[in-house]
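What follows is one structure encoded as structure tokens, with my remarks underneath.
Derivation of every value follows stated rules applied to the coordinates shown; laboratory data play no part. Source: prediction; values computed, not measured. Here the Cβ positions follow ideal geometry from the backbone for every residue, glycine too, while neighbour counts run over all protein chains shown.
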Ligand code: KIV
């Protein structure tokens with residue numbers, strides 16, 4: 001695989017993260033339900049609602065439009081929205097009204113009828129297999145031959161029904177490579193090793209804004225935003241308390 005062709009996806013939830021991601025020329029943006037934990041401090045994605053996803057998508061979409069972007073922009077279907085076909089259609093219509101047309105939906109074979117229905121209505125689907133945080137245990141998946149064969153079968157079906165992207169989370173790298181070999185679109189890996197066409201990480205993790213307590217094996221922080229934030233706030237605090245007219249905040253130039 002040509003390394004230069006590798007694609008970079010980012011999970012973004014708001015205006016600043018979208019703006020920075022577009023400026024850095026990422027290949028795709030996901031408005032992911034991980035915002036439940038990252039932004040709201042919830043215990044799991046099961047508590048994330050359609051309303052929460054909508055508000056965040058609107059902020060991202062506004063920035064996306066303003067920048068005239070045409071990279072893939074994907075919105076996560078939150079927990080409960082694939083309970084049955086009717087709920088899935090209703091959710092897709094709500095999301096369509098705010099500009100979304102491509103949805104990431106967790107799940108395997110049981111999702112096929114819903115995927116076919118949404119595809120027939122002109123929506124695009126991004127699959128999500130392996131560790132699916134809405135319902136599965138937070139552990140390495142595809143560790144047995146049986147599980148691997150089942151997943152490969154599902155990936156082939158996804159390919160056949162026209163799915164072009166699959167997020168594959170927390171699986172052995174050697175398995176992810178096999179998955180990419182049989183899939184004509186892009187496997188977007190997270191904790192899936194290097195031999196897939198694309199990688200995805202959450203913006204807040206990439207820039208190091210999330211606290212270092214959160215340290216899954218697959219995660220590398222490329223920035224030190226948390227430390228920079230703490231330092232900036234400390235400097236602000238010291239400037240307010242300063243007796244030195246030059247360093248004090250606000251100084252004469254910052255006052256009316
Ligand atoms: O919700 C999310 O951000 C995701 C990515 C981590 C793949 O599902």
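What to note about this one:
- Calculated FRET value between residue 184 and residue 237, using beta carbons and R₀ = 41 Å, to 0.05: 0.15
- Selected from 204, 159, 186 as most flexible by GNM, with the chain as the system and alpha-carbon contacts under 10 Å: 159
- Förster radius 25 Å - calculated FRET efficiency between residue 110 and residue 89, Cβ distance, rounded to 0.05: 0.90
- Across the range 49-125, the convex hull enclosing all Cα atoms gives 81 Å³ per residue.
- Helix 50-66 axis, angle to the chain major axis (alpha carbon atoms, nearest 10°): 70 degrees
- With Cα atoms, 0 to 90° folded angle of helix 85-96 axis to the chain main axis: 40 degrees
- Virtual spin-label span in nm between residue 230 and residue 49, 7 Å along Cα→Cβ: 3.4 nm
- On the principal axes of its alpha-carbon atoms, the range 1-112 has extents of 40, 32, 29 Å, going from largest to smallest.
- Taking 76, 244, 205 in turn, the Gaussian network model of the chain (Cα-Cα springs below 10 Å) assigns the largest fluctuation to 244.
- Angle in degrees between helix 145-160 and the longest Cα principal axis of the chain, rounded to the nearest 10: 90 degrees
- Alpha-carbon Debye profile of the chain, log10 I(q)/I(0) at 0.08, 0.14, 0.15, 0.16 Å⁻¹: -0.36, -0.95, -1.08, -1.23
- Label positions at residue 8 and residue 66, each projected 7 Å from the Cα along the C-beta direction, are separated by 2.2 nm.
- Sum of -39500 (n - 2.57) over DSSP H runs of 4+, divided by residues of the chain (222 nm, nearest 500): -11500 deg cm²/dmol
- C-alpha center-to-center spacing [the range 9-73, the range 193-256] in angstrom: 19 Å
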